[in-house]
Amino acid sequence: MKIVKTIDEVRRQVKEWRAQGLSVGLVPTMGYLHEGHASLIDASHRDNDRTVVSDFVNPMQFGPTEDLESYPRDIERDAALVEEHGGDIIFNPEPSEMYHEGFSSFVDMNVLTQELCGLSRPVHFRGVCTVVSKLFNIVQPDRAYFGKKDAQQLAVIRHMVDDLNMDIEIIGCPIVREEDGLAKSSRNTYLDAEERKAALVLSQAIDLGINMVRNGETDCTVITDALKKHISAEPRARIDYVKIVDLATMQQITTIDRPALCAIAVYIGKTRLIDNFFTEDV
Ligand code: PAF
């Protein structure tokens, strides 16, 4: 397993693999890897001959008041995890390698991004689409792996790949949780002990929603009101959104009468956490 810093090095390695007829999977990450990322690397290792893990905190997807500077980084720890899970290369470029001086081309989308995280993070998906397009162009993988925790991101990337005729299979992988239910996230490291306990309201709310849907509730307001009530009872929690949207359009719906996504974003102290469930998985 090696860490490469330049686009040329990744391209050279992938070319070599291609010449040997090997398939290539890509796991795009922003590093500070946890078991959620490990499950994506495992899936890629299972499906492909070789796996590239990109490890790049992408400045373009952070708003001016967001946590770009404090986002956790630890490449040595990441390298150990990638090796353990069968990854072959970590691509860990400097921002200047990805965005040279004068960089001025962007990939953006005006559907799917107007709701949920797109509302509170207006520049986020343009940054995600741009960097993921660049990674796809650099690595040219057969398959790329994304977590279902970032459900809107997964939908946006699937749509981009379809719109722009990118010949890459997009694989969505299940949310990985801590033993007590909290969805794994690099941002969980921001939480102090009290906040860590308070953060459980997210997975508890998701469980509540799943049970309501299982028991036949289809009225979105009834479900989201129950989730909001549960979250609001935790003094350290501040709701950004609790919504049920059409899985295909990411537009809010009133009745669950089609495949839908129940998604929540909640601040615990200063840390913004997300969680969700897909009604088709219930
Ligand atoms: O999900 C993430 O970690 C990032 O949004 C991604 C896909 C690696 C792009 O920077």
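The values are calculated or read from the model by the stated rules, or taken from the named source; none is laboratory data. Please read all numbers here as calculations on a predicted model, not as lab measurements. Methodologically, a virtual Cβ is constructed for each residue, glycine included, from the backbone with ideal geometry; neighbour enumeration extends over all protein chains shown. Areas reflect the complete protein model, heavy atoms only, side chains present, ligands, DNA and RNA absent. Shrake-Rupley method; radii C 1.70, N 1.55, O 1.52, S 1.80 Å.
Overview of results
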{"item": "Mean accessible surface per residue for the range 1-97, computed with a 1.4 Å probe while every protein chain stays in place, in Å²", "result": "47 Å²"}
{"item": "Debye-sum result for the range 83-198 in log10 I(q)/I(0), which assumes one identical scatterer on each alpha carbon, at q = 0.10 Å⁻¹", "result": "-0.39"}
{"item": "Relative packing of 49-57, 251-259, which averages over residues the other C-beta atoms within 10 Å, highest first", "result": "49-57, 251-259"}
{"item": "Over the chain: helical MRE at 222 nm, DSSP H runs n ≥ 4 each giving -39500 (n - 2.57), nearest 500", "result": "-11500 deg cm²/dmol"}
{"item": "Translational diffusion coefficient (Stokes-Einstein; Kirkwood radius from C-alpha pairs) of the range 185-282 at 20 °C, 1.002 mPa s, in µm²/s", "result": "158 µm²/s"}
{"item": "Flagged links, alpha-carbon separation over 26 Å, of Lys197/Lys243; Lys148/Lys270; Lys184/Lys228; Lys134/Lys270; Lys2/Lys149; Lys197/Lys270", "result": "Lys134/Lys270; Lys2/Lys149"}
{"item": "Rotationally averaged projected area of the range 122-179 (alpha carbon convex hull; nm²)", "result": "4.6 nm²"}
{"item": "Isotropic mean projected area of the C-alpha convex hull, the range 1-126 (nm²)", "result": "9.1 nm²"}
{"item": "Relative contact order (percent, whole number), the range 7-55, Cα cutoff 8 Å, 6+ residue spacing", "result": "44 percent"}
{"item": "Two-decimal ratio, the range 25-91, of alpha-carbon radius of gyration to 2.2 N^0.38 Å", "result": "1.15"}
{"item": "Peptides 21-30, 65-74, 96-105 ordered by average Cβ neighbours within 10 Å, highest first", "result": "21-30, 65-74, 96-105"}
{"item": "Total formal charge among the other residues, if their Cβ is under 11 angstrom from that of Ile256, Lys/Arg +1 and Asp/Glu -1", "result": "-4"}
{"item": "Förster radius 25 Å - calculated FRET efficiency between Asp49 and Ile3, Cβ distance, rounded to 0.05", "result": "0.80"}
{"item": "Rg/Rg_ref, the range 116-256, where Rg_ref = 2.2 N^0.38 Å and atoms are Cα", "result": "1.18"}
{"item": "For Ile175, net neighbour charge (Lys/Arg +1, Asp/Glu -1) across residues whose Cβ lies under 13 Å away", "result": "-2"}
{"item": "Carbon plus sulfur fraction of accessible area for the chain, probe 1.4 Å, in percent", "result": "47 percent"}
{"item": "For the chain: span of alpha carbons on each principal axis (Å, largest first)", "result": "56, 40, 39"}
{"item": "Principal axis dimensions, the range 1-55 - Cα atoms, whole angstrom, descending", "result": "32, 25, 15"}
{"item": "Packing-based order for 37-46, 160-169, using average beta carbon neighbours within 10 Å, highest first", "result": "37-46, 160-169"}
